[in-house]
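To keep things clear, I will list the structure first and then write my remarks on it.
The values are calculated or read from the model by the stated rules, or taken from the named source; none is laboratory data. Note that the structure is a prediction, hence the values are computed from the model and not measured. Positions of Cβ are generated from backbone atoms using ideal geometry, with glycine treated the same way; all protein chains shown enter the neighbour counts. Surface accessibility is based on the protein's heavy atoms, side chains included, excluding ligands, DNA and RNA. Shrake-Rupley method; radii C 1.70, N 1.55, O 1.52, S 1.80 Å.
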Amino acid sequence: MLVACGGGNSEISPIITPIITPPIITPPIVIPPIIVEPPTMEEDMRNRINVYRKTGATCGINVFPSAELVILNNFLNVAATNHSIDMAKNNFFSHTGSNGSDFWSRQYTAGFKGQPRGEAIAAGTYNVEDTLKLWMNSPPHCTIIMDSSMNTIGIGKGQNVNSQYGMYWTLDTGYDKI
């Protein structure tokens, strides 16, 4: 409360001046949008392979029960990608590289420290879904995918529109202590 003299009157009259407190303005809560990145090609293939491994699969006349889910291994991704690019660039389709290499040597050359288990290749398909269907409908390739002695994979693809098949895929499998 403030007290002041009121214009010639000797009486002191109180003057009440309200104290105005500015309102507290709470800024709106801004929730940043959740950005969900689509899976990479390698993650997509791994996820789809794990669906089969979780439920089991029939590969020709062989029935495979569920198996341990697999993880991606960057060294195997490199080995698989290099082989796919080699096939695309040099217009051939084989488990043997243009330099005579086999999947074992390609995996070790890429830096994989585990135990190589297998390799599946495909050509002429342009997406993960069609490529995996091709492998799962081929008993030897399906068996590689369902092999319970492997726990890690690498995926690669290579493209050359001037080659016979256009797109080439490689799946390398291995066992690694996790």
Exercise for the section: Grab the Cα-Cα distance for Gln159 and Val36, subtract it from 0.36 nm times how many residues apart they are, and report the gain in nm with one decimal. Expected result: 41.5 nm
Practice task
Whole number in Å², please: accessible area per residue of the chain, 1.4 Å probe, ligands, DNA and RNA not counted.
Solution key: 62 Å²
Problem - Cross-link pairs beyond the 19 Å C-alpha cut-off, checked among Lys113/Lys157; Lys54/Lys133; Lys89/Lys157; Lys113/Lys177 - result: Lys113/Lys157
Practice task
Could you please state how large a percent of the accessible area of the chain is carbon and sulfur, counting protein chains only and using a 1.4 Å probe?
Solution key: 60 percent
Practice task
Enter the Cα centre distance for the pair the stretch 163-178 and the stretch 53-122, rounded to the nearest angstrom.
Solution key: 4 Å
Handout entry: Listed residue (Gln159, Ser94, Asn127) projecting farthest to the positive dipole end of the stretch 20-178, Cβ model
Key = Ser94
Completion exercise
Output ordering of 90-101, 117-128 (per-residue mean of other Cβ within 10 Å, highest first) is 117-128, 90-101
Exercise for the section: Quick one: dipole size for the chain, taken about the Cα centre, charges +1 on Lys/Arg Cβ and -1 on Asp/Glu Cβ, in debye to the nearest 20. Expected result: 380 debye
